[in-house]
Amino acid sequence: MNEIPLEENREPEEILLDAPEAQTETAQGPLQQWLRTHTETSDEDADAEAPPDLPRPRRWRGVAGGACALVLAAAAITTVAPHPHPSTASESTVASPRVSDHPVELVTGTSSGCAHSATEQQILAVARGAVPVRDGGQAIAVFEAAYYRDRDGGRARALVAESAAVADAPAIQAGIDSIPVGTTYCARIRRLDLGLYGVEIHEVRPGEPESIWRQQIATSDRDGHTLITAITQL
């Protein structure tokens, strides 16, 4: 077996297991380089990229505050005058009516300039008891005539069903007596639905400005006679 001669002064060769640092950087691909440059962000760059604080939404608060102030001001100056007419005890139980497709308006009264309906003479005949009440509009018109023209609480109460929650004749008479003699009126009676009417009364007392009263009145036909079954102040 042949022996390999060894040189005494020769140093052993080094075997490199890892590549130099410069070579590893060049060996990195584009993705690794991008991640390194974008993840090592300084504090100054982070502050620069941060979005500015959003302004506080103050405008809508100012608008809402103004609307609330208007509502409170309107509520403060709104007043409700006492109504001399009788009404049913429970007004909140009356539902809002469905407006009729063909509303009919009846106008009656004693005020100058009150455009009477063509049936005014018939209403007066009914008020005198010459003919029976045939519909709800007539019943309401005769009730107002008994209240303002005749100033008779008993006659007005006779136009109301006994079971209706409306004041009795003495209470109605007390309301009539509180109105000065010589007071004129003009009633506009508008049919809203079958047996349901919207009533607007323009009342003028001597030496006073005109007052307007609005009511919702229900009627019903009973034994050939139409009677008032409910009166609601609006």
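Computed from the coordinates by the stated procedures, all read-outs in this text should not be read as laboratory data. Please read these numbers as outputs of a predicted model, since none were measured by experiment. All Cβ positions, glycine included, derive from the backbone under ideal geometry; neighbour counts span all protein chains shown.
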FRET efficiency (D177, Q233; Cβ distance; R0 22 Å; to 0.05) is 0.70
Here the range 210-216 yields Karplus 3J(HN,Hα) values (6.51, -1.76, 1.60; θ = phi - 60°; whole Hz; Gly and Pro given as x) of 5, 10, 10, 10, 10, 9, 10
Exposure-ranked with fewest Cβ neighbours within 10 Å first, H225, H202 stand as H225, H202
With 0.36 nm assigned to each residue of separation and the Cα-Cα distance removed, D168 to R128 gains 12.3 nm
Amide H neighbours of G109 at under 5 Å, excluding residues fewer than 5 places away on the same chain, with H built from the backbone geometry, are A187
Note on the range 105-233: the mean projected area of its alpha-carbon convex hull, in nm², is 7.4 nm²
In whole Hz, the Karplus estimates of ³J(HN,Hα) for the range 153-163 (6.51, -1.76, 1.60; θ = phi - 60°; x where Gly or Pro) are x, x, 5, 5, 5, 5, 7, 10, 4, 4, 7
Any residue on another chain or 5+ positions along whose placed amide H is under 5 Å from the amide H of L234 is listed here as R214, Q215, Q216
Diffing the range 194-201: the Karplus 3J(HN,Hα) column from phi (6.51, -1.76, 1.60, θ = phi - 60°), in whole Hz with x for Gly and Pro, holds 4, x, 9, 9, x, 10, 10, 10
